[in-house]
Amino acid sequence: MEFSHWPVTLELRDTFRISREASDRRENVLVKVVDESGTEGLGEAAPSGYYQQSADSVTQALSRISLTNVGDPFLLEDVLCDLSGKLRNQRSALTAVDMAFYDLIGKRLGVPLYRLFGLNCDRIPATSFTIGIASPDEMRRKTERAADYRTLKVKLGTDNDREMISAIRDVSSVPLRVDANAAWSVDEALENLKWLSDEGVELVEQPLSKDDLDGFRRLSDLSPLPIIADESAETPEDVVKLRGCVHGVNIKLNKCGGLRAAIEMIHVARAQEMQIMLGCFIESSIGISAAAHLSPLVDYADLDGHLLIRNDPFTGLRLQGGRILPPDRPGLGIQPS
Ligand code: MG
């Protein structure tokens, strides 16, 4: 197999703020694999500083692996099992290779990935669209511009959380999802959950710090709203540990290691009767398309990463009735824009 990778700079439409950071652009890494038949597969790494990853660390990790001995790309278990050990600390690098192999296989078979997985696109839930932390005026403007979406996601964990929710409520009554990005204590979360449930919030993502499983257990018992773990739920093993602590998990391909790991997490979560959100980082249509093909399996979609950038190098995803639909073409189905 031929294998190459290169960095790509994604420019954000607006400065993106969450409780711990702000950014104007994102450095991701694209991966291409080409097999003996000349069929290509593309994948994307969206490295996150939170998980000690950067475009440099991903590039270094990818430079250390070789795919020259891979003869048959359909032997995914062999290839990805081996790589998941080698790329354990750089799971976004693993994600990019995983996506590229699935893309290539779908193209070889002539089917979109959702067909390969046996999934029905009618089951895809509407996506939420994130309104980043901003001044009340700016939040009202952003909310008005987001009229095509059935659900909005708001990043909280600031000193003026109530003001931001009121600003959105001034101009919209759609259901809200709240993400505190690990910013609250159990007591703060309990207090916030009370007023948030009166504001038409349908769930709260990662209210507490990553490792506070006891806190999550106490909070979930008392919470009027579903509690969804994001930062706490990186891998299938984490989903096992979170049983009884949260109502659901937010699975992201670039957090867990790609489609193969995400499918495993989905099955583990379902076996434990947990709700599932499928989320993303700031990603081009490559990464979001991979997730969209899997999204008929989940309860909540949060696949707005490509909508937040203004120089998406790829195209093919559709927004229909508030839902992000994967392309109907073989593999990931995306094309250069
Ligand atoms: Mg989150």
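The lone criterion from (1) within 14 Å of the ligand (Cβ to nearest atom); (2) part of a helix (DSSP H, G or I); (3) not aromatic (Phe, Trp, Tyr) left unmet by residue 168 is number (1).
Do we have residue 16 as closer than 28 Å to residue 110 by Cα, among the aromatic types (Phe, Trp, Tyr) and either assigned to a loop (DSSP other than H, G, I, E, B) or in contact with a strand residue (DSSP E or B) (Cβ under 7 Å, 6 or more places away or on another chain) (or both) here? Walk me through how you get there before you give the answer.
Values: closer than 28 Å to residue 110 by Cα: no; among the aromatic types (Phe, Trp, Tyr): yes; either assigned to a loop (DSSP other than H, G, I, E, B) or in contact with a strand residue (DSSP E or B) (Cβ under 7 Å, 6 or more places away or on another chain) (or both): yes.
Taking the combined requirement at face value, the residue does not satisfy it.
For the residues 194, 252, 241, 210, the requirement of being among the charged types (D, E, K, R), assigned by TED's automatic domain parsing to the domain that holds residue 168 and buried (at least 20 other Cβ atoms within 10 Å of the Cβ) singles out 252. Evaluation of residue 64 against the conditions (1) farther than 30 Å from residue 145 by Cα; (2) at pLDDT below 95; (3) more than 16 Å from the ligand (Cβ to nearest atom) shows that the sole unmet condition is (2). When 271, 261 are checked against the criterion of being on the phi < 0 side of the Ramachandran plot and surrounded by fewer than 20 Cβ atoms within 10 Å (Cβ to Cβ), a single residue qualifies: 271.
Take the conditions touching a residue at least 40 places away in the same chain (Cβ under 8 Å), over 17 Å from the mean Cα position of the chain (by Cα) and surrounded by fewer than 24 Cβ atoms within 10 Å (Cβ to Cβ) and apply them to residue 313. Does it pass? So residue 313 fits the description; yes.
Remark: pairs (first residue in segment 250-268, acidic (Asp, Glu); second residue at pLDDT 95 or above and away from the ligand (no atom under 16 Å from the Cβ); Cβ separation under 7 Å; 6+ apart in sequence or on different chains) = 264/236.
Within segment 178-191, the set of residues being part of a loop (DSSP other than H, G, I, E, B) and surrounded by 15 or more Cβ atoms within 10 Å (Cβ to Cβ) comprises 180, 181, 182, 183, 184.
Looking only at segment 175-191, which residues are away from the ligand (no atom under 16 Å from the Cβ) and out of contact with any strand residue (DSSP E or B) (no Cβ under 6 Å at 6 or more places or on another chain)? Show your work before the answer.
Of segment 175-191, the ones away from the ligand (no atom under 16 Å from the Cβ) are 175, 185-188, 190-191.
Passing the criteria: 185, 186, 187, 188, 190, 191.
From the list 48, 23, the one residue that fits, being within 30 Å of residue 179 (Cα to Cα), surrounded by fewer than 16 Cβ atoms within 10 Å (Cβ to Cβ) and in contact with a Phe, Trp or Tyr (Cβ under 7 Å, 6 or more places away or on another chain), is 23. Just a yes or no: is a residue in segment 1-11 within 15 Å of residue 281 (Cβ to Cβ), within 16 Å of the ligand (Cβ to nearest atom), crowded, with 19+ Cβ neighbours inside 10 Å and within 18 Å of the chain's Cα centre (by Cα)? No: zero hits.
Restricting to segment 30-40, name every residue that is assigned to a strand (DSSP E or B) and either within 16 Å of the ligand (Cβ to nearest atom) or crowded, with 17+ Cβ neighbours inside 10 Å (or both).
30, 31, 32, 33, 34
Out of 27, 44, report the one residue that is in contact (Cβ under 8 Å) with a residue 60 or more places away in the chain and either under 19 Å from residue 254 (Cα atoms) or assigned to a strand (DSSP E or B) (or both).
44
Among the residues of segment 265-290, write down those that are charged (D, E, K, R) and over 20 Å from residue 32 (Cβ atoms). Let's see the steps before the verdict.
Of all residues in segment 265-290, those charged (D, E, K, R) come to 270, 273, 283.
Residues satisfying the conditions are 270, 273.
Filtering segment 137-157 to residues that are exposed (fewer than 14 other Cβ atoms within 10 Å of the Cβ) and part of a loop (DSSP other than H, G, I, E, B) leaves 147, 148. In this structure, does residue 200 turn out to be small (Gly, Ala, Ser) and either surrounded by fewer than 16 Cβ atoms within 10 Å (Cβ to Cβ) or at pLDDT below 95 (or both)? So residue 200 passes the test.
Considering only segment 198-304, give the helices (runs of 4 or more DSSP H) lying wholly within it that have at least 1 residues that are more than 16 Å from the ligand (Cβ to nearest atom) and under 26 Å from residue 174 (Cα atoms).
Details: elements: 213-222, 236-241, 253-256, 259-271, 285-294.
Hits in segment 198-304: 213-222, 285-294.
Apart from one condition, residue 134 fits all of (1) assigned to a helix (DSSP H, G or I); (2) within 21 Å of residue 192 (Cα to Cα); the exception is (1).
The values are calculated or read from the model by the stated rules, or taken from the named source; none is laboratory data. No experiment lies behind these values; they were computed from the predicted model shown. Backbone-built Cβ (ideal geometry, glycine too); neighbour counts: all protein chains shown.
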